[in-house]
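Here is the structure we will look at, set down as structure tokens.
The values are calculated or read from the model by the stated rules, or taken from the named source; none is laboratory data. Everything numeric here is computed off the predicted structure, so don't read it as measured data. The area values use the complete protein model at the heavy-atom level, side chains included, leaving out ligands, DNA and RNA. Shrake-Rupley method; radii C 1.70, N 1.55, O 1.52, S 1.80 Å.
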Amino acid sequence: MAIEKLYYAADPGSLQELTRADVVKQLQIRVKATQERLEEVEAALNRCREYSAQDIETISRQRVRILDLEDLVRKQKTTISNQSKAIADPKRVRMLQSTIPMPIFPLTPTQQRPIRPEFHDYFVTHLPSSSLHPDPRAPVNSFYKLPRSASVPHTGESSHPPASFQPLVDRETTVVRIPLRSAKHHFGASTSRGTRPENEDTYQAGVIDIPAFAKRPPASLTIKRSGANGIPATRESQGAETASGDPQVFYFAVFDGHGGNECSTFLQHTLHEYIQDSAATFELQSSLKKNRDGHYSKDTEPSTGDLPILQDANSQRIGELEKHLVRDWRTLVGGYFKRFVPPHFSHIGKGARGEPKALSDLPEGVTIEEVLEYAFLRTDLEFVSAQAAKQGDELENVGHPLYQDNILYGRDRTPSLHIGGAKRFKGGSTASVALISTPTPTPFWHPSSPSSLLVSHVGDTRILLCSTETGDAIPLTSNHHPSSPIEASRLRRYATTFVTDSFGEERMSGLANTRAFGDVQSKRIGVSAEPELRRIEMAPAEYSFLVLMSDGISGTLSDQEVVDIVKEARTPEQGSRDVVNFANEVTKEGDNATCLVVRLGGWERRLEGGLGSLGTKESREWRRQEATDPRRSRR
């Protein structure tokens, strides 16, 4: 006779008449309920992970916004302090004004910019929160400390070598600001007075607040890749986006003044502001065309690589602004500018008498080249107008007709301005500007990041690229001298005095440059600030570094010598310093020398292409020996 066991409760006084089958059935019901509860918890956890990933991106953008606002508040406090000092002593502060105001067009509430564009001398990036201390989540045992008997050679079958460090995809990052001039591994600048009484060279570097102008990235770079368990990939190698959601646009410029440093200093502090204001006034939109969520819209076609790239803007306003600018040059300066229409101005045409004429069929967008050309001409017009309105040296005007140097047809035509010094500045400055924009937040110096380089050049300052594959120096600018066939044909009908000095260099009315900012007395014969524009699409690690330099270096060293000197340096900061020191050592003129070196994706492979730095090593050593030879002064 089969007797079933009886299960007793914890209390020996009470008996539960439950058989084994009943207990198993209840346990199965409880296990099933527990499994359902676990599935609900796991689903809720996955939703929390998705929300946290979105919150991290939102917090990062908010942090960038907070940093921008803090910088704005600091500048406002400085402005208030300066204004208080000016009220107490008006002679201590010179207020910067504009002579010819830009045409004012009313903005709708949706078009108004809440904050004026701001230029920053730092860049924003993501750094690990525990960068100063070891990460506790890192592997305990180091991969490279294995005993020899336990080490395994890398055969290439696996995706990563055995000694590679495993990435920590869930490592926390913090948005930080890094001063660009202090980041010696990314950027270097050096300047020297030489044997001149003062240094007329200036430079500028930072992040400019304009929409991105890079080409659309390929689909492989726009797909959001995730790490293990659906956690977003690490952002340690990415730069932070700007408040508008675009990647940061970097600005590098070198200016070489002549006749003084007033014009070059003015460009150093204001040229980037004119570029920002022009882009804002044009209502320039990003070339990346993102939607509100910060992603690329599905109906937007990928970039075909055709240049120039048209970006959305207010075409009607652009046409009015360009027409007013050309009209101002024509009526206030005259001469060369009577029939002058800039080549990149696509929103206006030329009438029968050369006057600016509005087009009936306006283009759908605007190029970044057109924005830069407008900003350069606007900057030059306001500086020249400010100087023409000032009093000149009375001793120089003895025996000369009244108003002969006043290009604005009479003193009563122009209000008094305070750009520069108290007296009229008749000198000028050259300029070379480089803008770098990337399609993704990954910075342009990362080996896997493509980028777009835009060069805007006036005068004889110089910009070079170093090819990673060949190691050759690639010049991006040309010297705007009277000896240039293009410049000679452009100015031959106006400039009748082409002369050759004792050094064999051609000059026009005593000037060595046919394009420059300033030079009040030579504006009518065509010495303008029309920029030479060039755009280069840089593939990942295609170029090693970028060099910007004044004619104190380019007139002494060849392009390849400059590039080879930078190759031998450990950092861009050391490279710029070595170039300036070597130029000062071998020069015979002692001109001001300024050099900027910018790291690009192929920096680590800069010595692999071609002959490395050996191509000019012997000639450089010979030049150094010649410069240090005590018999040199007696030759």
In whole Hz, the Karplus estimates of ³J(HN,Hα) for the stretch 311-319 (6.51, -1.76, 1.60; θ = phi - 60°; x where Gly or Pro) are 10, 4, 6, 8, 5, 5, 5, 4, x
In whole Hz, the Karplus estimates of ³J(HN,Hα) for the stretch 366-379 (6.51, -1.76, 1.60; θ = phi - 60°; x where Gly or Pro) are 9, 8, 5, 5, 5, 5, 5, 5, 4, 5, 5, 5, 5, 4
Probe 1.4 Å, heavy atoms of protein chains only: per residue, the accessible area of the stretch 511-635 in Å² is 41
For the stretch 30-83, the accessible surface attributable to carbon and sulfur atoms (probe 1.4 angstrom, ligands and nucleic acids excluded) amounts in percent to 54
A chain fully extended from ALA488 to THR34 at 0.36 nm per residue, minus the present Cα-Cα distance, gains in nm 154.7 nm
Whole-Hz Karplus couplings 3J(HN,Hα) for the stretch 593-599, θ = phi - 60° and coefficients 6.51, -1.76, 1.60, Gly and Pro as x, run 10, 9, 9, 10, 10, 10, 6
Long-range amide H partners of VAL249, meaning residues 5 or more apart or on another chain whose placed amide H is closer than 5 Å, are ILE208, ILE210
For the table LYS75/LYS426; LYS323/LYS426; LYS323/LYS390; LYS77/LYS426; LYS75/LYS215, the rows whose alpha-carbon distance is greater than 29 Å are LYS75/LYS426; LYS77/LYS426; LYS75/LYS215
